[in-house]
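So the structure is just underneath, and the comments pick up after that.
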Amino acid sequence: MRYEAVIGLEVHAQLLTRTKAFCGCSTAYGAPPNTQVCPVCLGLPGALPVLNGEAVRLAVRTALALSCGIRPASRFARKNYFYPDLPKGYQISQFDEPFSDRGELEIEVGGVKKTVGITRVHMEEDAGKSHHSAPHSVVDLNRSGVPLVEIVGEPDLRSGAEAAEYLRTLREILVFIGVNDGNLEEGSFRCDANVSIRPVGETRLGTRVELKNINSFRFVEKAIAHEIVRQAEVLDAGGRIVQETRGWDEDTGTTFSMRSKEEAQDYRYFPDPDLPPLRLDDAFVAEVRGLMPELPEAKRRRFTGEMGLTPYAAQVLTVHPGVAAFFEEAAKRHAGAGHGPAGATSNATKVANFIQSEILGDVQTHGLDAKIPVSADQVAALLGLVDGGTISGKQAKEVYAAIAGTAEAPAAVVARLGMQQVSDAGAIESLCKRLIEQHPKQADQLRAGKVSLTGFFVGLAMKETKGSANPQLVNEALKKLLGPG
C-alpha cells in the first residue's frame, strides 16, 4: 500500500536576552551548574514573576518575521507536570490565548517552493536540564526560566527533506533578525517532530509519533525518513502504530522507543494568577516592525538585483549575518574609495569573489558572532591596489595572507615585500618576445587562431615575474605580437 507522510514540527528557540523571562538571573551559557538561579526561577514560596520586556519584543519580532497576526491581548498559563528539571512543578507558557497565530514560512526543496503554515508563535520559559550518567542523574537549573518562543508548525510537511529545509530556513531567519543564536549543540534551537502516515488519498490523520532529542538537521531528515519506513512496515504487517515518543540512534540509523503516549498527558493548564494579561497595542507592534532587520531572502534578492551578484554568490555570502554585513561594508568602502560608483555591480562582484575565494575559509562563526581575519577597510584597500595596477590578482592573495589577523595596511605590505607590479609595457613586450621564441609551436597555434593558448603564455609570464607582471599588459603584448590573443 502507498502511504503519505504527515509531519509537523514544534520548534523551541531561546530568545537572546541577558536575563531570564521572569527574573533577573543571567541567561549566559556555560556557567557552573545551579549558579544562575534565584527564588523566582526556582519557584520558592512568595517569589513573584515579572515579565521581561525585551523578551516580548524579540518574540513579537519573531512572529512578524513569520507573517503571523499579533493579538492585542494574550495570557500566560501554568502548564502543570512533574519532571525533575521543572523546579516549580509547572512551566509558565501560553496555551489557548497565545500572542500570535496564523503565519507561514516558504521553503524550497529540489527547486520546488512550498508554503508551510505556522499555527502560532507563543512565549514560554525553558525548563532545566537533566544529565544522566549511570547510576546517577543530576539536574542543572541554570536554564530554567530562560525565555523561549515555541513555533508550532502546521502538519504540511511530507518528507524528512522538507522538514530539514524548514528547520534550516527558520533557523536562518531567527539568526538574521537577532532573536536566537541558532546553536543546536547547546540546545538554544531545538525541535520535536510529529510524524504519522496515512494511505494516499486519505484525509484523516494517522497515529502520531513524536521524535525528540535530535540535534542536527541531517539527523532530523534521516530520523523522519526512517520513521516513515518503520511505520509503513508496521502497517503492512497488520500491526498498529503506537502513540509514543521516540529518539534517534545515529549509530544504528534507527529510531527507538523512549516512552508511551497512549494516554494523552493532562497538563492541567490554567491562567497564571501572578501574571496579568499581556497587552500589545498597535504602536508597540508598529515600533517592533519598524526596527525589523532585513530578512535573509530579501537580502539575497537585493544582492542579485541591485549589486549584480549571482544567486550562488548571494547564497554563500548570506550564510551568516556577520559575513553578509562584512561583504556589504567592504563593497561600500571599495566603491567609496574611488574604485567605481557606489553600488556598482562590477565592484560588488570583485569584492564578493575575493571574499568567497580567499576569506570565507578563514572565517569562524559561533552564534551571532563572526570572527573575520581582516577588516572591510583592508579588503577595500587591497582590491584598490589591484584595480590601480599596483599589484596583480595573484599578488593580492599573498598580501591577504600577510595582513590576515593584523591591522597592517595592504600598501605597507606591498612596499615591505617589494611586490610592485611590473607595468612597464616595453619590459613586458620584451618578456613576451622571449617566451614566444622559447615556445614556437604554441606561438604558431595562437597565430592560427587557437586563442586558448593566450592563457598558456600569460601563465608563463606570471611565472617568470613571480606574479608581478600586469596581466592586462601581457595580453596586449601577446595580441600585438601574435594577433588573435
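Couple of notes before you dig in:
- Extending 7 Å from the Cα toward the beta-carbon at both E10 and N213 defines two label points whose distance is 1.7 nm.
- Among the chymotrypsin sites (Phe, Trp or Tyr not before Pro) in the range 21-83, those located in a DSSP loop and surrounded by at most 12 other Cβ atoms within 10 Å of their own Cβ are F82.
- Sequence-separation-based contact order of the chain, relative, with Cα cut under 8 Å and 6+ spacing, percent: 13
- Among the listed pairs K20/K371; K433/K463; K441/K479; K350/K433, those with a Cα-Cα distance over 23 Å are K20/K371; K350/K433.
- Theoretical gain in end-to-end length, K433 to D274 [0.36 nm per residue, Cα-Cα removed]: 48.4 nm
- Between 0 and 90°, nearest 10: helix 296-305 axis offset from the chain longest Cα axis: 20
- Degrees, to the nearest 10: 393-403 long Cα axis against longest axis of the chain: 60
- Here the dipole of the chain is about 1160 debye; that uses its Cα centre as origin and unit charges on the Cβ of Lys and Arg (positive) and Asp and Glu (negative).
- Multiplying the residue separation of R302 and T365 by 0.36 nm and removing their Cα-Cα distance gives an extension gain of 20.3 nm.
- Within the straight-line cut-off of under 15 Å between alpha carbons, the aspartates and glutamates reachable from K466 are E398, sequence neighbours fewer than 8 places apart in one chain being disregarded.
- Toward the positive end of the charge dipole of the chain, with +1 on the Cβ of Lys and Arg and -1 on the Cβ of Asp and Glu, the farthest Cα among S392, G117, V200 is that of S392.
- By other beta-carbon atoms within 10 Å, ranking L385, L42 with the fewest at the front produces L42, L385.
- Each Lys and Arg Cβ is given +1 and each Asp and Glu Cβ -1; about its Cα centre, the range 31-164 then shows a dipole of about 220 debye.
- With the helix formula -39500 (n - 2.57) applied to DSSP H stretches of n ≥ 4, the chain reaches a computed 222 nm mean residue ellipticity of -11000 deg cm²/dmol.
- Listed by chain and number, the aspartates and glutamates whose C-alpha is less than 15 Å from the C-alpha of K88, apart from same-chain residues fewer than 8 away, are E124, E125, D126, D140, D272, D274.
- Computed over the range 206-261, relative contact order equals 41 percent, with contacts defined as Cα pairs under 8 Å that lie 6+ residues apart.
- Shape class for the range 53-155, computed from the alpha carbon gyration tensor (a ≥ b ≥ c): oblate, with a/c not under 1.5 and a/b at or below b/c.
- Among beta bridges from DSSP that stay inside the chain, the antiparallel ones total about 95%.
- With Cα atoms defining each centre, the range 354-374 and the range 409-485 are spaced 33 Å apart in the structure.
- Ranked H226, H12, H122, H131, criterion: other C-beta atoms within 10 Å, fewest first: H131, H12, H226, H122
- Highest to lowest packing among 238-247, 99-108, 304-313, scored as the average C-beta count within 10 Å: 99-108, 304-313, 238-247
- Lysines whose Cα lies under 29 Å from that of K114, excluding same-chain neighbours fewer than 8 positions away: K212, K222, K299
- When the Cα positions of N353, L44, A411 are compared along the charge dipole of the chain, A411 comes out farthest toward the positive end, with charges on each C-beta of Lys, Arg, Asp and Glu.
- The range 222-266 shape via C-alpha gyration tensor axes, a/c threshold 1.5: oblate
- Derived scalar couplings between HN and Hα for the range 458-470 equal 4, x, 5, 5, 5, 5, 4, 9, 6, x, 8, 6, 6 Hz in order, rounded to whole Hz, by the Karplus curve 6.51 cos²θ - 1.76 cosθ + 1.60 (θ = phi - 60°), x for Gly and Pro.
- Cα gyration tensor shape for the range 294-417, rounded if a/c is under 1.5, else prolate or oblate: oblate
- Rounded tilt (10° steps) of 471-482 against the dominant C-alpha axis of the chain: 40
- Least to most buried among C41, C191 (fewest other Cβ within 10 Å first): C191, C41
FYI, it's all coordinate maths here, none of it is from the lab. All values reported here derive from a predicted model rather than from experimental measurement. Positions of Cβ are generated from backbone atoms using ideal geometry, with glycine treated the same way; all protein chains shown enter the neighbour counts.
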